[in-house]
């Protein structure tokens with residue numbers, strides 16, 4: 001099997017195995033990752049660096065266990081928020097999305113169809129924090145027609161994994 005790359009955007013089965021392994025445990029050392037996917041450590045390091053450089057690996061983070069943190073810092077509040085804007089032009093949608101980007105409480109933001117224009121996933125400390133965020137994001141010149149929020153009472157599953165990889 002050729003370990004070199006023919007094109008900057010081609011992935012072979014070794015790359016796929018690396019991505020799968022990193023999705024499950026990005027804390028593996030290069031040595032351990034190389035052993036897991038059956039390549040040499042220099043090959044592993046080179047390929048992972050290449051995938052970072054290409055933007056295929058966006059970043060590596062620690063996924064916190066909200067249930068175990070509850071007794072230490074409080075439960076927190078997760079909201080799934082549907083937003084309908086007053087118009088659906090590219091300019092209005094892009095402006096709304098740009099308002100979401102700097103907000104750390106907004107974990108995810110999606111344009112969707114059909115239905116509302118945007119769905120966002122919000123994580124805040126409590127209901128007063130949600131209300132303050134909602135006032136700031138959805139009322140002050142945001143061109144928002146309607147907001148519908150759903151509050152999580154139990155998380156049955158959470159994953160960051162791209163299962164189709």
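List of remarks:
- Across the range 107-135, the number of residues qualifying as in contact (Cβ under 8 Å) with a residue 40 or more places away in the chain, assigned to a loop (DSSP other than H, G, I, E, B) and touching a helix residue (DSSP H, G or I) at 6+ places or on another chain (Cβ under 9 Å) comes to 1.
- Checklist (1) part of a loop (DSSP other than H, G, I, E, B); (2) touching a residue at least 12 places away in the same chain (Cβ under 8 Å); (3) under 19 Å from the mean Cα position of the chain (by Cα) applied to residue 102, failing item: (2)
- Among the residues making up the range 30-66, those that are surrounded by 11 or more Cβ atoms within 10 Å (Cβ to Cβ) and within 30 Å of residue 119 (Cα to Cα) are 51, 52, 54, 56, 57, 66.
- Single condition residue 138 does not satisfy, out of (1) farther than 17 Å from residue 66 by Cβ; (2) buried (at least 17 other Cβ atoms within 10 Å of the Cβ); (3) touching a helix residue (DSSP H, G or I) at 6+ places or on another chain (Cβ under 7 Å): (3)
- Test: residue 156 is outside the structural domain of residue 33 (by TED's automatic domain parsing), more than 30 Å from residue 27 (Cβ to Cβ), modelled with pLDDT under 95 and assigned to a loop (DSSP other than H, G, I, E, B): no
- Single residue of 81, 61 found to be touching a helix residue (DSSP H, G or I) at 6+ places or on another chain (Cβ under 9 Å) and either within 18 Å of residue 123 (Cβ to Cβ) or in a loop (DSSP other than H, G, I, E, B) (or both): 81
- Cβ-Cβ under 6 Å pairs, at least 6 apart or on other chains, the range 40-59 side under 17 Å from residue 162 (Cα atoms), far side at pLDDT 95 or above and part of a loop (DSSP other than H, G, I, E, B): 51/57
- Checklist (1) without any contact (Cβ under 8 Å) to a residue 60 or more places away in the chain; (2) out of contact with any strand residue (DSSP E or B) (no Cβ under 7 Å at 6 or more places or on another chain) applied to residue 92, failing item: (2)
- Some residue of the range 23-30 being farther than 14 Å from residue 161 by Cβ and either in contact (Cβ under 8 Å) with a residue 60 or more places away in the chain or part of a helix (DSSP H, G or I) (or both): yes
The values are calculated or read from the model by the stated rules, or taken from the named source; none is laboratory data. Small disclaimer: the values here were computed from a predicted structure and weren't measured. Here Cβ is always computed from backbone atoms with ideal geometry, including for glycine, and neighbour counts include all displayed protein chains.
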